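Just passing along the structure, written as structure tokens.
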Amino acid sequence: HQGMGGYPLGALEQTLVLMSGGFDSTVAAYQIMRRGLMAHFCFFNLGGRAHELGVMEVAHFIWKKYGSSQRVLFVSVPFEEVLGEILQKVDNSHMGVVLKRMMLRAASAVADRLEIDVLVTGEAISQVASQTLPNLSLIDAATDKLVLRPLVATHKQDIVDLATEIGTADFARHMPEYCGVISVNPKTNAKRNRVEYEEKQFDMAILEQALERAKLVSIDRVIDDLSRNVDIEEVSQALAGQVILDIRHPDAQEDQPLQVPGVEIQTLPFYALNSRFKALDDTRQYLLYCDKGVMSRLHAHHLLSEGHANVRVYRPS
């Protein structure tokens, strides 16, 4: 197989990658890692627990596949109240730019805490209204950190193709995106004085509170962190009437098909599990299976938290 190329992993400096879990941010993280830079992950949670879970998954996937020799962090910043303040106080046409500026301010504070000098985003020129050159310039003015944009001149289809190649495309297709939908008529050529005026309406204490509630966890411990307060039952044998849900990536399902004599097995990739589980027969008991129990525990945690009591984790002995 052809290797990644680039420099040895972690040979260069540390970076903080702003992760939404979509095509752009995951490919940007990969490109940075490929150049030998260490990529820590920073997620701004606009969409609740399910969105956080999805981004944790794809960040863990990228780290495990392309950078597991490095000890990196996953940082989750609760941004729902920040978004709510923007929606209430900022003119609709400037919401996108102001939100991105708030994210850079928060990311800079996180980076300071971690002694990191470089931020990374997945933005590309004019892909959305907030990503025109004038707007990107205003967004960057919110931080004194160097902001790298590995995809700045990359066509969207090329980004999608690379996401498919590196294995993040399926995650992205099932990941909610919020930043692009908060402005109905976004400004493509925002002016500094107008942006500063809009931000004067914003209560910066809300941003500070979000940073105080930010959670930092080692990327290899995100599953343990999620599962801490939920009792997840693990079974080593499936009983009659139970259904084993093979939630592995389709490539793994094809390469190593799961076979358990006398037990019904259904395949439902983990990235589609949250959206499709409700359609399953709720009178059946489902045993989630993946190779090492990482994704199965993560999703069992989420489903149990959502009130689905018919979920266990299958860990064959």
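Taken together, the values in this text are just the output of simple stated rules run on the coordinates, not laboratory data. Since we're looking at a predicted model, the values are computed, not measured. Backbone-built Cβ (ideal geometry, glycine too); neighbour counts: all protein chains shown.
Would you please give the FRET efficiency between residue 13 and residue 292, computed as 1/(1 + (r/R0)^6) with r the Cβ-Cβ distance and R0 = 45 Å, to the nearest 0.05?
So the FRET efficiency works out to roughly 0.90.
Hey, another quick one. Nearest 5 percent is fine: what portion of the DSSP beta bridges confined to the chain is antiparallel?
Approximately 10 percent, going by the DSSP bridge assignments.
Right, here's the next one. Quick one: length gained pulling residue 160 to residue 114 fully straight, 0.36 nm per residue minus the C-alpha distance? Numbers along the way, then the final one.
Working: separation 46, 0.36 × 46 = 16.56 nm, distance 3.10 nm.
Value of the extension gain: 13.5 nm.
Let me know the longest stretch in the chain that avoids all GluC sites (Glu not before Pro) found in a DSSP loop with at most 12 other C-beta atoms within 10 Å.
That would be 116-232.
Now for a separate question. Calculate the FRET efficiency for residue 231 and residue 65 from the Cβ-Cβ distance with a Förster distance of 25 Å, rounded to the nearest 0.05.
About 0.25, to the nearest 0.05.
If you don't mind, there's one more thing I want to ask. At 4 °C and 1.567 mPa s, grab the translational diffusion coefficient of the chain from Stokes-Einstein with a Kirkwood Rh over Cα pairs, rounded to a whole number in µm² per second.
Details: Rh = 20.7 Å.
D = 62 µm²/s.
Among 14, 84, 261, which residue has its Cα positioned farthest towards the positive end of the charge dipole of the chain, with +1 placed on the Cβ of Lys and Arg, -1 on the Cβ of Asp and Glu, and the dipole taken about the Cα centre?
Value computed over the given set: 14.
By a straight-distance test (C-alpha under 28 Å), which lysines pair with residue 215 as possible cross-link partners, with residues fewer than eight away in the same chain excluded?
Residue 215 reaches 64, 65, 89, 100, 145, 200, 292.
Given an 8 Å cut-off on Cα distances and at least 6 residues of separation, report the relative contact order of the chain as a percent.
19
A further question on this structure: Measure off 7 Å from each Cα along the Cα-to-Cβ vector at residue 173 and residue 144, then give the distance between these two points in nanometres to one decimal.
Each label point lies 7 Å from its Cα, and together they span 4.6 nm.
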